[in-house]
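**Q** This is the structure, below, for whatever I ask next.
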Amino acid sequence: MTERIVGIGAGAQAVGGKELATEDMVLNIGPQHPSTHGVLRLRLTLDGERITAAEPIVGYMHRGAEKLFEVRDYRQILVLANRHDWLSAFANELGVVIAVERLLGMEVPVRAVWARTLLAELNRVLSHLMFLGSYPLELGAITPIFYAFRERETVQAVMEEISGGRMHYMFNRVGGLKDDLPAGWLDRAGKAVADVRRRLPDIENLILANEIFLARTKGVGVLDRDTIMQYGVSGPIARASGVDFDLRRDEPYLAYGELPVKVVTRTAGDCHARFEVLLDQVKVSLDLADACLARLRELPPGPINQRLPKVLKVPEGHTYAWTENPLGLNGYYLVSRGEKTPWRMKLRSASFNNIQVLREMMPGHLVADMVAILGSMFFVVGDIDK
Amino acid sequence: MAEVLDLAIRLILIVAAFLVLPLVIGQTEHKVMAHMQSRLGPMYAGGFHGWAQLIADGVKFMQKEDVIPAAADRRIFAIAPAVALVPYLVVLAVIPVGPGLVGADLNVGLFFVLAVMGVGVLGSIMAGWSSGNKFSLLGGMRSAAQLVSYELPLVLATSSVAMAAGTLSLPGIVEAWEWWWLPWQAIGLAVFFIAGLAELRRPPFDMPIAESEIIMGPMTEYTGIRFALFMLAEYAGIVVLSALTTVLFLGGWHGPVLPGPVWTLIKVFALAFIVIWVRVSYPRLREDQLQKLAWVGLVPLALLQLAITGVVRVFTA
């Protein structure tokens, strides 16, 4: 698009005096703002509506999760760990139990492994659907979120049935899952997956190829590969810029090694590519969930967790467990001194790294694009501030 | 005496329409939007399918504290909602709903309508400036930028109709209307309606309000009854836009079987339904994209319509 400056801008250059000089305006987006999904704060410097500088200011929701990990035993840690990214509680729990099981040298029953994989994928669907609804809403399309929430309710019903929770499932335990899957649950989960797959095109047809949506997202907020590498951006955002990296395929955990994980990538790196990646990932996750369901049906009956001692002490050592969370790489660096609490557990959350890159992306865009970019960075404030 | 009474009745009817129609359209929006989004919408207020929801909202707004920010330019801030609302009331006075059924038959009705509607946007700019809030200021700026883009296509499209009818009087235009004007003035109809949506700041052209970007634009700092007046202005705007489109392009009261005023109302509500439908299905444009749409799309189309009208007029005359 060619851009021509007319009016006061062009005149001001010709005059060159101070009379017509304009002053930049500092605009604080947040910490309370409808499109920051919580309390992220962006300090924008504006020339008219054009952004000249952007600084993400984080920490308004800092709860000291890492420090709290050090004074809780391993069962209690799970409760804390599933809270930072409240849209993917199950995936957050996974990293912790994998790290602890690794240090304990504990083998998890095969049914638990498959059930965990299934629930992780359902959780991914839930998280992605949230953003598939909220992103169009930020661009002014008010309908897709209702479709997205209809699908979320469908999946949430089966998650709720097994765990009792709608957000913070707390279904993982060190050594397996809390309970066995209820009778007939696999069929209900299979039906939920089929329903979501059948109705997903509603969202797609409504918004993905809409002219205005394309105009607002194509070529906006382009993120290149180098910047992604420098800032440690991961997950769907990185894959939308052609970074073909997905832990489920490249460093398989749980049962992903036995599953054909299709990694969705795009090369454009703009807001539209990020939205497309998310949409396609939902389809991939639904397929993976189906594969897990099929496997779970075939598995012979057996335990779904390990008996744990009353006081769970993890032997001295350290390990790093990372998982492909819905929003990107989520890693826990666990250091144990052989006590019943970790000596240190470092949390590497996806959104924290992903959001830092905003200062590179924003300048040069308009305030309206700011919302398009911010929404397409798919973050959860709890995941940034921990 | 009879004349005074006649005038009084007309004015009372206009004020009544002005108070009732926007509420009806607002309620329709609640319900239509809800059903398009697989929800129910208001169900409780008033009993039957939440028919009294907007009345309840109005009562609530009236009870709220009317806050004026310390940094605001108080006088401008206070009168801005009125400036936004009153023009639509005035416009309603010259819109004919049936043969002879018009508040005031001005022979320059079209000019009058366009001039008065142009005032409405000032309310938004005034609110944006006087609120002493950066988001409001951005919203006001966007309103002003939007004004530049839709006003010209709006005027060009209406002048095509005036040319076709050979009069500027609104009842005159409806009387001159024939069914084949529909295809003849189709481009003008589309241009007028789209530019009108931009004038009303309705989605997909609601950038001045854009709640996900600049909170509520010029209305950010408004509370209570003043905020309600802004909302009323928006829905009154829908009534006026739909009524004007009906009168100028859809033949007003013309229609078979049913009496004229009923036809006018049917057409108005059909158009209002489209306004709501568009809101449900489209995202929001960006300010510069609207300007591009206006100058690259609407203005040339309106000029083309003007040329077509001129040619047809010359050959049929």
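**Q** So which helices (runs of 4 or more DSSP H) stay within region B:246-317 end to end and still have 3 or more residues that are more than 16 Å from the chain's Cα centre (by Cα) and aliphatic (A, V, I, L, M)?
**A** B:260-281, B:299-316
**Q** Of the numbered conditions (1) free of Cβ contacts under 8 Å to residues at least 12 places away in the same chain; (2) not in a helix (DSSP H, G or I), B:Asn107 fails exactly one; give the number of that condition.
**A** Result: B:Asn107 passes all but (1).
**Q** A further question follows. Quickly run through region A:205-244 and pick out the residues that are within 14 Å of another protein chain (Cβ to nearest Cβ) and charged (D, E, K, R).
**A** Residues satisfying the conditions are A:Glu211, A:Arg216, A:Lys218.
**Q** Considering only residues of region A:273-294 that are open to solvent by 10 Å² or more (accessible area, probe 1.4 Å) and touching a residue at least 12 places away in the same chain (Cβ under 8 Å), which is nearest to A:Leu358 (Cα to Cα)?
**A** If we take residues in region A:273-294 being open to solvent by 10 Å² or more (accessible area, probe 1.4 Å) and touching a residue at least 12 places away in the same chain (Cβ under 8 Å), then A:Glu276 is nearest to A:Leu358 (Cα to Cα).
**Q** Still on this structure, I have one more. Determine which single condition B:Pro203 fails, assuming it passes every other condition in (1) more than 25 Å from B:Ala93 (Cβ to Cβ); (2) open to solvent by less than 20 Å² (accessible area, probe 1.4 Å); (3) within 14 Å of chain A (Cβ to nearest Cβ); (4) at pLDDT 85 or above.
**A** If we test B:Pro203 against (1) more than 25 Å from B:Ala93 (Cβ to Cβ); (2) open to solvent by less than 20 Å² (accessible area, probe 1.4 Å); (3) within 14 Å of chain A (Cβ to nearest Cβ); (4) at pLDDT 85 or above, just (4) comes out false.
**Q** In the list B:Phe192, B:Phe135, B:Phe227, which residue meets the criterion of being aromatic (Phe, Trp, Tyr), more than 19 Å from B:Pro283 (Cα to Cα) and in contact with a strand residue (DSSP E or B) (Cβ under 9 Å, 6 or more places away or on another chain)?
**A** B:Phe135
**Q** Right, another one. Select from region B:118-141 the residues that are open to solvent by 10 Å² or more (accessible area, probe 1.4 Å) and in contact (Cβ under 8 Å) with a residue 40 or more places away in the chain and list them in ascending order.
**A** B:Ile125, B:Met126, B:Trp129, B:Gly132, B:Asn133, B:Phe135, listed by residue number.
**Q** Here's a check for you: in region B:206-227, which residue that is more than 12 Å from chain A (Cβ to nearest Cβ) and crowded, with 21+ Cβ neighbours inside 10 Å is farthest from B:Asp57 (Cα to Cα)?
**A** My answer is B:Pro218.
**Q** Here is a follow-up. Might you check whether a residue that is within 14 Å of another protein chain (Cβ to nearest Cβ) and touching a residue at least 60 places away in the same chain (Cβ under 8 Å) occurs anywhere in region A:163-182?
**A** Among the residues of region A:163-182, not one is within 14 Å of another protein chain (Cβ to nearest Cβ) and touching a residue at least 60 places away in the same chain (Cβ under 8 Å), which makes the answer no.
**Q** Which ones in region A:134-150 are of a type in the set (Ser, Thr, Tyr) and surrounded by fewer than 22 Cβ atoms within 10 Å (Cβ to Cβ)?
**A** Scanning region A:134-150 gives a single hit, A:Ser134.
**Q** Do any residues in region B:181-198 that are more than 12 Å from B:Thr245 (Cβ to Cβ) have Cβ atoms under 6 Å from those of residues that are in a helix (DSSP H, G or I) and among the aromatic types (Phe, Trp, Tyr), where the two are at least six apart or on different chains, and which pairs are they?
**A** B:Ala198/B:Tyr150
**Q** Can you tell which of A:Arg297, A:Arg307 is of a type in the set (Lys, Arg), within 26 Å of A:Gln76 (Cα to Cα) and open to solvent by 60 Å² or more (accessible area, probe 1.4 Å)?
**A** A:Arg307
**Q** Same structure again: Consider region A:151-182. How many of its residues are surrounded by fewer than 16 Cβ atoms within 10 Å (Cβ to Cβ), in a loop (DSSP other than H, G, I, E, B) and of a type in the set (Asp, Glu)?
**A** Matching residues across region A:151-182 total 1.
**Q** Can you tell me which residue in region B:286-303 is farthest from A:Leu139 (Cα to Cα), limited to those that are more than 12 Å from chain A (Cβ to nearest Cβ) and open to solvent by 30 Å² or more (accessible area, probe 1.4 Å)?
**A** B:Leu303
**Q** Looking only at helices (runs of 4 or more DSSP H) that lie completely in region B:1-104, which have at least 3 residues being among the charged types (D, E, K, R) and either touching a Cys at 6+ places or on another chain (Cβ under 8 Å) or farther than 19 Å from B:Phe273 by Cα (or both)?
**A** B:2-36
**Q** Given B:Ala176, B:Ala165, B:Ala195, which one is in contact with a helix residue (DSSP H, G or I) (Cβ under 6 Å, 6 or more places away or on another chain), under 25 Å from B:Tyr235 (Cβ atoms), open to solvent by less than 40 Å² (accessible area, probe 1.4 Å) and more than 14 Å from chain A (Cβ to nearest Cβ)?
**A** One residue alone meets the criteria, B:Ala195.
A quick yes/no check of all residues on (1) within 14 Å of chain B (Cβ to nearest Cβ); (2) assigned to a strand (DSSP E or B); (3) modelled with pLDDT of 85 or more:
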residue	(1), (2), (3)
A:Ala21	no, no, no
A:Pro31	yes, no, no
A:Leu44	yes, yes, yes
A:Pro56	no, yes, yes
A:Met61	no, no, yes
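**Q** Could you pull out the residue among A:Val367, A:Val381, A:Val314, A:Val371 that is within 20 Å of A:Leu27 (Cβ to Cβ), crowded, with 19+ Cβ neighbours inside 10 Å and over 23 Å from the mean Cα position of the chain (by Cα)?
**A** Going through A:Val367, A:Val381, A:Val314, A:Val371 in turn, the sole match is A:Val367.
**Q** Kindly check whether there is at least one residue in region B:251-259 that is away from chain A (no Cβ under 14 Å) and within 20 Å of B:Gly118 (Cβ to Cβ).
**A** No; the residues of region B:251-259 include none that is away from chain A (no Cβ under 14 Å) and within 20 Å of B:Gly118 (Cβ to Cβ).
**Q** Look at A:His37 and say whether it is away from chain B (no Cβ under 14 Å), under 23 Å from the mean Cα position of the chain (by Cα) and either closer than 23 Å to A:Ser376 by Cα or among the small types (Gly, Ala, Ser) (or both).
**A** No.
**Q** Residues that are among the charged types (D, E, K, R): which helices (runs of 4 or more DSSP H) entirely in region B:161-210 hold 1 or more of them?
**A** Here the list reads B:170-176, B:186-200.
**Q** Let me ask something additional. For region B:25-38, does any single residue satisfy the condition of being without any contact (Cβ under 8 Å) to a residue 12 or more places away in the chain, over 22 Å from B:Thr158 (Cβ atoms) and either surrounded by fewer than 15 Cβ atoms within 10 Å (Cβ to Cβ) or of a type in the set (Asp, Glu) (or both)?
**A** Yes.
**Q** Next question, about the same structure. Residue under question is B:Gly260, and the condition is that it be touching a residue at least 40 places away in the same chain (Cβ under 8 Å), small (Gly, Ala, Ser), touching a Gly at 6+ places or on another chain (Cβ under 6 Å) and buried (at least 19 other Cβ atoms within 10 Å of the Cβ); does it hold?
**A** no
**Q** May I pose another question? Which one of these does B:Phe273 not meet: (1) touching a residue at least 24 places away in the same chain (Cβ under 8 Å); (2) over 25 Å from B:Pro171 (Cα atoms); (3) open to solvent by 50 Å² or more (accessible area, probe 1.4 Å)?
**A** (2)
**Q** Condition first: within 14 Å of another protein chain (Cβ to nearest Cβ) and touching a strand residue (DSSP E or B) at 6+ places or on another chain (Cβ under 8 Å). Now tell me which residues in region A:325-368 satisfy that.
**A** A:Met362, A:Gly364, A:His365, A:Leu366, A:Val367
**Q** For A:Ala194, state whether it is at pLDDT 90 or above, open to solvent by 30 Å² or more (accessible area, probe 1.4 Å) and farther than 30 Å from A:Leu308 by Cα.
**A** So A:Ala194 fits the description; yes.
**Q** Please go through region A:74-97 and give me each residue that is assigned to a helix (DSSP H, G or I), under 25 Å from A:Phe378 (Cα atoms) and open to solvent by 10 Å² or more (accessible area, probe 1.4 Å), ordered by number.
**A** A:Val79, A:Leu80
The values are calculated or read from the model by the stated rules, or taken from the named source; none is laboratory data. Being a predicted model, the structure only gives us computed values, none of them experimental. Don't worry about glycine lacking a Cβ; one is built from the backbone with ideal geometry, like all the others, and counts go over all protein chains shown. The accessibility values were calculated without ligands, DNA or RNA, using every heavy atom of the protein model including side chains. Shrake-Rupley method; radii C 1.70, N 1.55, O 1.52, S 1.80 Å.
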